[in-house]
Amino acid sequence: MQGAGGADEDLLLKVTPPRVPRHLVARERLLSGAESFRDHPVILIQAPAGFGKTSLQAQWRLEHLSRGACVAWVSAQSRDDPRRVAQSLALAVRVGAGRPSFCHSLPEGSGGLESITAWLAELTHAAWNLVLIVDDADRLPADSKEALAYLLRSA
């Protein structure tokens, strides 16, 4: 099913961040601005299921937004091939940064790395601070994990 702008309806759900629970306790050492997280371009959160990783990322999203950053959210799924990851990234920036034309046309028929490269190239020209949150990245298939690793190395 195609939605507005040619994006799959389920892609819109993938880039919609969860709400921060009202009862969430913000721990000083886990705030996004804590000393241990400063000056790190990539942060990996690893813990067993149910330990609040998604809640922590949702909290960080709000903290970054309060400091004026654009925040792009992607919820990864096991069926996300590299091309779908690139489509999700593009839509996440459109939604998170309020830029409906951002990376609107990924290279047709290209593979995932070409699409990721196009995404990175367009992001390079943007004049705003972007925070990318990829929730459940461990669910991605191997080729998509490689595409995400390529993005992180190239960013």
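The values are calculated or read from the model by the stated rules, or taken from the named source; none is laboratory data. No experiment lies behind these values; they were computed from the predicted model shown. So basically every Cβ, Gly included, is an ideal-geometry build from the backbone, and we count neighbours across all protein chains shown. Protein only, heavy atoms only, side chains kept; ligands, DNA and RNA dropped before computing areas. Shrake-Rupley method; radii C 1.70, N 1.55, O 1.52, S 1.80 Å.
Brief remarks on what is shown
- Residues of the stretch 119-155 satisfying the condition of being among the acidic types (D, E), touching a residue at least 60 places away in the same chain (Cβ under 8 Å) and open to solvent by less than 90 Å² (accessible area, probe 1.4 Å): D135, D136, D143
- Of residues in the stretch 11-38 being of a type in the set (A, V, I, L, M, F, W, C) and either in contact with an Asp or Glu (Cβ under 8 Å, 6 or more places away or on another chain) or open to solvent by 50 Å² or more (accessible area, probe 1.4 Å) (or both), the one modelled with the lowest pLDDT: L24
- Unmet criterion (only one of (1) surrounded by 14 or more Cβ atoms within 10 Å (Cβ to Cβ); (2) modelled with pLDDT of 85 or more) for A7: (2)
- Boolean, R79 is in a loop (DSSP other than H, G, I, E, B), open to solvent by 30 Å² or more (accessible area, probe 1.4 Å) and out of contact with any Phe, Trp or Tyr (no Cβ under 6 Å at 6 or more places or on another chain): yes
- When each of L89, L106, L120 is tested for being in a loop (DSSP other than H, G, I, E, B), within 26 Å of P141 (Cα to Cα), of a type outside the set (K, R) and touching a Ser or Thr at 6+ places or on another chain (Cβ under 9 Å), the lone residue that passes is L106.
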